[in-house]
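The values are calculated or read from the model by the stated rules, or taken from the named source; none is laboratory data. Remember, it's a predicted structure, so these values are computed and weren't measured experimentally. We place every Cβ from the backbone using ideal geometry, glycine too, and count neighbours over all the protein chains shown.
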């Protein structure tokens, strides 16, 4: 089979005008970025206020292997499959971060015949959204250090500046540093570090904002650190929300591109899926729902992380309904949950598969608890055997679970028509009536407990001394009503990445909290979350190249 | 009078298609970035190989005051004035850096009725060129630290990594730091620092490259530091030139916009004017020359820095002719050179003006030494008195120097027609026959000496012990044939910023050299050059804002 970039380069892209016309957009509702990319007007959502909403289909998955289970590929393929069965669909997904693209991943825009195009641009600078977020984040950092340097009238405690600088890069050397060295003309020395851009609260804010004003108000509420008296210091105290909003004026506009089969795709925003909510932007999802009858969207990692946050945070804040859920499973991930080591995943092993089904079972129960309908999608890999895929199908049918074998990587939309038909049926038949896992009026501790018990299957939570102190402090600050955004390993339902399958009898340990007051949630850390990746021994970048004629290699 | 941004917002922009049509571009020769910006194809220069070249007009100035003398405004106004007198002109200028825009400047796209539009975009993210340069620069940094972290097979000396990270920000706290702290999983601790993006060698390279291949070859030659045996380590040794070129594939394409009066403007690249050559890109200048009969371009700071480098480096490397030079002078800067303090510049003072003319006289002599024709442009400020402007005019006429009073800030192109007519006359009458100040085969030391003596008016140069050692080392490395790029204060002809007017009897002290082997020159430092600015007490960013309707304030 051809590589992703070969398929991408051989695909016939329509001019972006044609895609905009498919969506009935008038010329003042979008602006071109090159011939095959566009930005939608940030007032489009307001313009379309009276239009009825299409149905939102959320693609999630079981706990993944380190390589991922092709959730984006299934989402793109499902969008294309809707077209094949005569339904009007749009795809609304996250935009890739360049750091991982240059590091391990080499690309993050679907795969095979279910890709987002132009993949060379989407995987690199795209329309500059991540650069704008980096700039806004770092303009705030520069302003904080300048404030301290020039007399510190707000009395910011240099030891309590929580706001970090960011870069869209995998750069381990920037994780921990001392800045401001070199004497009085070079600022005030303090400990600092860089996160990757997608971990910036600015990214989370951009992805939840629904207008320039909403964006500005959220930015103003960011807590950048504390005074010596431990009072929170906000962006509003620094008077920077206007400049930051200005820096983000274009980044707030959703991006329009197309898939390998010319299905419209709105690709916008990409917050971290553990310390943030891990979904594409609210503007993109809501706009897509105005423009198409079916919107296919996804959330990061498995249903325990991504779907929970999509439902409890994003859909609650956005006040929109989720119509039905697709739970992506793969033979290899299920075998891993059944005890097979990563090196042996290519060998047929129905016994291990049987053992691993408990992981899928738990995610099914989670979606049922949310009160939503769902379809299981088996994302086919070339190494899957018939015995294995049939086992999963039979397992599902025996439990009355709708299941579809999908082959969208190799066959594009045609490989996903069964899934699309089952999704349509679910979406038409079932009520849209989500039951959130917690009430926002619950205490922070109880919110976390409910997610841990009902979504992860834990017995209970345990709080570190630091977390206990923070809980008290946060409730006192009036932050207790915010939803919780739990950062946890994606590999296990528990907080121990080595506990695969469906672990039981475990406790989730809450190490630390962080306020994301602009985004509007409390981040809850259950372990040592790395917010700046490092490069591997052989970074993907070493294979990247472009010829004088503009032919790109090394993205995949 | 209205503010710059008010004028910009009230201007009637043509769709960028119309500007492209004015330049006879076919639709495959450019791509839109929004409705009023475009990128030109990077193969356009090759496509137009058989077209004859327009005349290149270089705008330079006397030694400026800290506020600048409006060189960009005069360049934009002159371009518009060409239109007024029926000549086909294009403007080719540098793109602004966001750091200074957020810091002191608030904007850098001309001023008044001689602006580049859309100024809100050009002053901020524009088409993402600076972000791409930042990313390429920092991808290289991440790769260097990753290489050291993972075994350091190239034997890079962590104490001799000369390649710094960059950010397009005024952020003094990043000038000097220790990175890689936190133990073995966080890399190898070493001293580091950030420069502002425009000081990156990647920026200088992008501005001198004429094709993707040329870009790649230049990137491959970058020296990132030295081994423990003091052998240079290059990007080619790290195998990163392919990925870096890919990251710059769109940044290499020149940007097309328009002025307040709809004159085409190609705005591309913006290297530092002291540690780099300070001119817009080679691609932009050469492309503009293919598309218009007259190209107005500029070079940073006064003629001692910008024009010298434009001629000795850029035009020599590019093999193009410079037709005539405009030397911008202002009443206030000349008074400063005559001894008036900055606070008193608004008061009429013809005596001081008389004293300051020596500075203009020296720059005139410099341009004459280069064998080029010139016109002096008096860039009018509201505080200038008739007696003052008449004094300069009379002074010039008495010496047979062509001079034009220009008022392009307040009157647009109409304020520059006298200048345009005189420039046309010079360009038509005089031969294009530049005499470089030095021969590239001169020793590095002699190249520097010739610039110091002939352009700055110094008695001689003095070398620090470090510079002497480096000279020897560089010649041994085979770098002796490269042009020199001297970093010197812009305020004085000497290396002492307090020596205004036309100092005499001084020595230029060479503190240190730096190799820019990818850009293709040796940087020669004559003092402590700051390559990362800081924010002032009241940064311009504090006044920036955008309303829900998209109205921008605070850029000027």
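Computed quantities for the displayed model
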{"quantity": "Flag if residue B:140 is more than 30 Å from residue B:226 (Cα to Cα), in contact with a strand residue (DSSP E or B) (Cβ under 8 Å, 6 or more places away or on another chain) and part of a helix (DSSP H, G or I)", "calculated": "no"}
{"quantity": "Those residues of the stretch A:416-434 which are touching a residue at least 24 places away in the same chain (Cβ under 8 Å) and in contact with a strand residue (DSSP E or B) (Cβ under 6 Å, 6 or more places away or on another chain), in sequence order", "calculated": "A:416, A:419, A:422, A:423, A:426, A:427, A:430"}
{"quantity": "Qualifying residue in the stretch B:530-541 (condition: within 14 Å of another protein chain (Cβ to nearest Cβ), in a helix (DSSP H, G or I) and surrounded by fewer than 23 Cβ atoms within 10 Å (Cβ to Cβ))", "calculated": "yes"}
{"quantity": "Selection count where residues are assigned to a helix (DSSP H, G or I) and either modelled with pLDDT under 95 or more than 27 Å from the chain's Cα centre (by Cα) (or both), scope the stretch A:357-391", "calculated": "6"}
{"quantity": "Residue that is closer than 30 Å to residue A:410 by Cα and away from chain B (no Cβ under 14 Å), where the choices are A:266, A:275", "calculated": "A:266"}
{"quantity": "Candidate set: the stretch A:137-168, residues that are more than 23 Å from residue A:531 (Cα to Cα) and at the interface with another protein chain (Cβ under 10 Å from one of its Cβ atoms); chosen: the one surrounded by the fewest Cβ atoms within 10 Å (Cβ to Cβ)", "calculated": "A:151"}
{"quantity": "Meets criteria (within 14 Å of another protein chain (Cβ to nearest Cβ) and either in contact with a helix residue (DSSP H, G or I) (Cβ under 7 Å, 6 or more places away or on another chain) or closer than 30 Å to residue A:137 by Cα (or both)) for residue A:486", "calculated": "no"}
{"quantity": "Those residues of the stretch B:14-35 which are in a loop (DSSP other than H, G, I, E, B), more than 13 Å from chain A (Cβ to nearest Cβ) and either out of contact with any helix residue (DSSP H, G or I) (no Cβ under 7 Å at 6 or more places or on another chain) or closer than 27 Å to residue A:41 by Cβ (or both), in sequence order", "calculated": "B:14, B:24, B:25, B:26"}
{"quantity": "Listing of strands (runs of 3 or more DSSP E) fully contained in the stretch B:36-114 that carry 1 or more residues being farther than 20 Å from residue B:299 by Cα", "calculated": "B:38-40"}
{"quantity": "Residue, nearest to the other protein chains (Cβ to nearest Cβ), within the stretch A:169-201, restricted to residues that are part of a helix (DSSP H, G or I) and in contact with a strand residue (DSSP E or B) (Cβ under 8 Å, 6 or more places away or on another chain)", "calculated": "A:173"}
{"quantity": "Condition met for residue A:369 (touching a helix residue (DSSP H, G or I) at 6+ places or on another chain (Cβ under 8 Å), within 22 Å of residue A:67 (Cα to Cα) and surrounded by fewer than 15 Cβ atoms within 10 Å (Cβ to Cβ))", "calculated": "no"}
{"quantity": "Pick from the stretch B:228-257, criterion away from chain A (no Cβ under 14 Å) and crowded, with 24+ Cβ neighbours inside 10 Å, ranking: farthest from the chain's Cα centre (by Cα)", "calculated": "B:257"}
{"quantity": "Output for the stretch A:37-47, where each listed residue is facing another protein chain (nearest Cβ under 9 Å) and over 20 Å from residue B:129 (Cβ atoms)", "calculated": "A:42, A:43"}
{"quantity": "Single residue of the stretch B:96-124 satisfying the filter (within 14 Å of chain A (Cβ to nearest Cβ), in contact with a strand residue (DSSP E or B) (Cβ under 6 Å, 6 or more places away or on another chain) and closer than 25 Å to residue B:532 by Cβ) that is modelled with the highest pLDDT", "calculated": "B:122"}
{"quantity": "Qualifying positions in the stretch A:49-66 - touching a residue at least 12 places away in the same chain (Cβ under 8 Å) and farther than 16 Å from residue A:90 by Cα", "calculated": "A:60, A:61, A:62, A:63, A:64, A:65, A:66"}
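Okay, residues lined up against (1) touching a strand residue (DSSP E or B) at 6+ places or on another chain (Cβ under 8 Å); (2) in a loop (DSSP other than H, G, I, E, B); (3) modelled with pLDDT under 95; (4) crowded, with 20+ Cβ neighbours inside 10 Å:
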{"site": "A:451", "(1), (2), (3), (4)": "yes, no, no, yes"}
{"site": "A:461", "(1), (2), (3), (4)": "yes, no, no, yes"}
{"site": "A:492", "(1), (2), (3), (4)": "no, yes, no, yes"}
{"site": "A:505", "(1), (2), (3), (4)": "no, yes, no, no"}
